[in-house]
Amino acid sequence: MVSMQDFLFTPWFWLTLTILFSVIELVSAFTLITVWFALASLITLFAAGLTESLDAALKAKIQSGLFLAMSAVFLAFTRPLAIKKLKVGREKTNVHALIGKTALVTRRIPRFDSGEIKVRGILWTALSENNADIEEGAECVIIRIEGVKAVVRPASQG
């Protein structure tokens, strides 16, 4: 039977952590957090093989220091780049996806009152951004969503 003391800071320990962190990343739908710990433990796995002949205290300091340093470097420098490139967590959904889209005015939007627009086949109550009249049949751009109303401006205003 192998004791915990004999297992710590061995290549098997770091392999176990690498697998554990990888599984957590897969289960968490690629949040790009534990993958960096998995990479750091993989690097430390190789270092554990090189430091096997050292005494236990020195081996623990070297390996844990390397793991912590690599984790910090990966989290601080590569995670932001990976998130930007992979666009993780940046997919606009629901009403947020409508902002900036062009819509068709289906019922005139009078000054200081609401009208109606159609975007992606759905009718929305709409208000003019600058309280300008927008005639039926005109194209408009959705600026923001306020509650259940879309705030729009004429597409001709850029």
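General remarks:
- Residue satisfying all of: in segment 65-108; among the hydroxyl-bearing types (Ser, Thr, Tyr) and part of a helix (DSSP H, G or I); modelled with the lowest pLDDT among these: 78
- Scanning segment 103-134 for residues that are of a type in the set (D, E, K, R) and more than 32 Å from the chain's Cα centre (by Cα) yields 107, 108, 111, 113, 116, 133.
- Residue 145 passes every criterion in (1) modelled with pLDDT of 90 or more; (2) exposed (fewer than 14 other Cβ atoms within 10 Å of the Cβ); (3) under 26 Å from the mean Cα position of the chain (by Cα); (4) of a type outside the set (Lys, Arg) apart from (2).
- Where residue 100 falls short, out of the listed (1) under 22 Å from the mean Cα position of the chain (by Cα); (2) farther than 27 Å from residue 34 by Cβ; (3) surrounded by 14 or more Cβ atoms within 10 Å (Cβ to Cβ): (3)
- Residue tally, condition under 16 Å from residue 72 (Cα atoms), in a helix (DSSP H, G or I) and in contact (Cβ under 8 Å) with a residue 40 or more places away in the chain, over segment 10-54: 1
- Options 149, 101; residue that is over 30 Å from residue 30 (Cα atoms) and not assigned by TED's automatic domain parsing to the domain that holds residue 41: 149
- Single unsatisfied condition, residue 6 versus (1) surrounded by 12 or more Cβ atoms within 10 Å (Cβ to Cβ); (2) at pLDDT 85 or above; (3) more than 35 Å from the chain's Cα centre (by Cα): (2)
The values are calculated or read from the model by the stated rules, or taken from the named source; none is laboratory data. The structure presented is a predicted model; accordingly, all values stated were derived computationally and were not measured. Note that we place each Cβ from the backbone using ideal geometry, even for glycine, and neighbour counts take in every protein chain shown.
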